[in-house]
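The values are calculated or read from the model by the stated rules, or taken from the named source; none is laboratory data. Because the structure is predicted, anything quoted here is derived from the model rather than measured. Quick reminder, even Gly has a Cβ in these numbers, built from the backbone with ideal geometry, and neighbours come from all protein chains shown. Protein only, heavy atoms only, side chains kept; ligands, DNA and RNA dropped before computing areas. Shrake-Rupley method; radii C 1.70, N 1.55, O 1.52, S 1.80 Å.
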Amino acid sequence: MTIRVLIVDDSMTMRKLLQERLSHDPSIEVVGNACDAAEARALMKTLNPDVVTLDIEMPGMDGLSFLKKIMELRPTPVIIVSGSTQEGNSTTAQAMALGAVGCYAKSDGVGGLPFNDDGRLCALVHEASQVKYSKPKPAPASAAPRERSPAGAKPKLITIGSSTGGIEALRTALSGFTKTCPPTLVVQHINARFAPAIAQTLDAVCEAKVIMAEHDTPLKEGHVYFAPGGDKHMTVAGRNLNNLRCVLRPGDPVSGHIPSVDTLFSSAARIAGARALGVLLTGMGEDGAKGLLKMAEAGADTIAQDEASCVVFGMPRAAIKLGAAKSVLPLDEIASHLTTWRQFA
């Protein structure tokens, strides 16, 4: 199956570079190029591309505004192509929060591309092409309300894993977190270059403090620790539940990723056992499924996001198939449960 791509960038040189890079994959076809939002909008109507690569800084309507219009009127998988300046990182983080499914970093702030990206751009296009948007089905007017579980003990630790579509999901899931929430560790599959800006974006949506995780950091209530990405896994360590700390350690990819959700969840099962809570959100692949099963077997509460509210139902589906999820919930209900400390068994 051929993946049809529309490139949107105000630089003719960049459009040519991106097209040349994508031409290395015979299963990808660049069906059009646009220099601004107006041209891109017209081409999207006539070409109906599977994936759009989108620059942020463009004349007329900027990339963020255009992305918002795309997601409102014609939901299509979008990959952000961004520079590496701090301002660019922050803008890219906003784009991910608006629904972009991936980001491809330029090597510098003047429009260059990495000399050899080892197929990264083509891989992003393949990943984005698997995203399918659908409007949630409204519940029947006569549907009975979901029965609530009895209130349970406040967990000592929350661990969350997410991938494709995860930034938007994390915004919803963390929105109700307060200064008294349990220490929370998050692994989101993201280019390490953009991780600090994503953490800042998430910090703005909740009362709890969202920060980049650092090695051997004591875990505190009211804090959410965001995995920095790169070449280190994030795990939980500690002699007891009142002295937990975050550990970053180098290692090989686990379930295809560094950092790995499986690695985080497995450490939470080992260290916090039944006093932990594990949540697996939207994402491609199977990372997190085996780790969530270990948490469930250790007595922890475990939740997987349901298919209707996922951008990609890969990771949650794998966990459900293993029997790792004690509850399967829509994203808004996950957000509600995460702030009411209920048992989910």
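Worth pointing out:
- Cα-based convex hull, segment 276-332, per residue volume (Å³, whole number): 58
- Computed with a 1.4 Å probe over protein heavy atoms only, the accessible surface of the chain comes to 45 Å² per residue.
- What the Cβ-Cβ distance of Ala123 and Asn240 gives, at R0 = 45 Å and to the nearest 0.05, is a FRET efficiency of 0.60.
- Under conditions of 4 °C and 1.567 mPa s, segment 4-108 yields 96 µm² s⁻¹ as its translational diffusion coefficient, taking Rh as the Kirkwood radius over Cα pairs in the Stokes-Einstein equation.
- Per-residue [θ]222 nm for the chain (sum of -39500 (n - 2.57) over DSSP H runs n ≥ 4, rounded to 500): -9000 deg cm²/dmol
- Whichever lysines have a C-alpha closer than 24 Å to that of Lys132, once near sequence neighbours (fewer than 8 apart) are set aside: Lys45, Lys68, Lys69, Lys321
- The aspartates and glutamates whose alpha-carbon is closer than 13 Å to the alpha-carbon of Lys209, local same-chain residues fewer than 8 away aside, are Glu221.
- Rounded to whole numbers, the Karplus 3J(HN,Hα) couplings from phi for segment 37-45 are 5, 4, 5, 5, 4, 5, 5, 5, 5 Hz, using 6.51 cos²θ - 1.76 cosθ + 1.60 with θ = phi - 60°, and x at Gly and Pro.
- Theoretical FRET efficiency, 1/(1+(r/R0)^6), r = Cβ-Cβ of Met71 and Asp216, R0 45 Å, to 0.05: 0.70
- Contact order relative to length of segment 144-254, as percent, for alpha carbon pairs under 8 angstrom and 6 or more apart: 24
- Across the chain, the relative contact order, built from alpha-carbon pairs under 8 Å that are at least six residues apart, equals 13 percent.
- Amide H within-cut-off set for Lys232, under 5 Å, with H built and near neighbours excluded: none
- Phi angles of segment 259-271 translate, via the Karplus equation with coefficients 6.51, -1.76, 1.60 and θ = phi - 60°, into HN-Hα couplings of x, 10, 5, 4, 5, 4, 4, 4, 5, 5, 4, 6, 8 Hz per residue; Gly and Pro are given as x.
- For the chain, the share of accessible area belonging to carbon and sulfur comes to 51 percent (1.4 Å probe, ligands and nucleic acids excluded).
- Candidate aspartates and glutamates for bridging to Lys294, where Cα separation is under 17 Å - those fewer than 8 sequence places away on the same chain excluded: Asp262, Glu286
- Stokes-Einstein D in µm²/s, Kirkwood radius over Cα pairs - segment 211-345 at 10 °C with 1.306 mPa s viscosity: 106
- Quarter the surface of the alpha carbon convex hull of the chain and you get the mean projected area, 17.6 square nanometres.
- Shown here for segment 211-311: trypsin sites (Lys or Arg not before Pro) in loop regions (DSSP other than H, G, I, E, B) with at most 15 other Cβ atoms within 10 Å, namely Lys220, Arg239.
- Karplus-based coupling profile of segment 209-215, in residue order and whole Hz: 8, 9, 9, 6, 5, 10, 5, with θ = phi - 60° in 6.51 cos²θ - 1.76 cosθ + 1.60 and x standing for Gly or Pro.
- Near Thr217, the amide H atoms lying under 5 Å from its own belong to Cys246; only residues 5 or more places off or on other chains count, and H is placed 1.01 Å from N.
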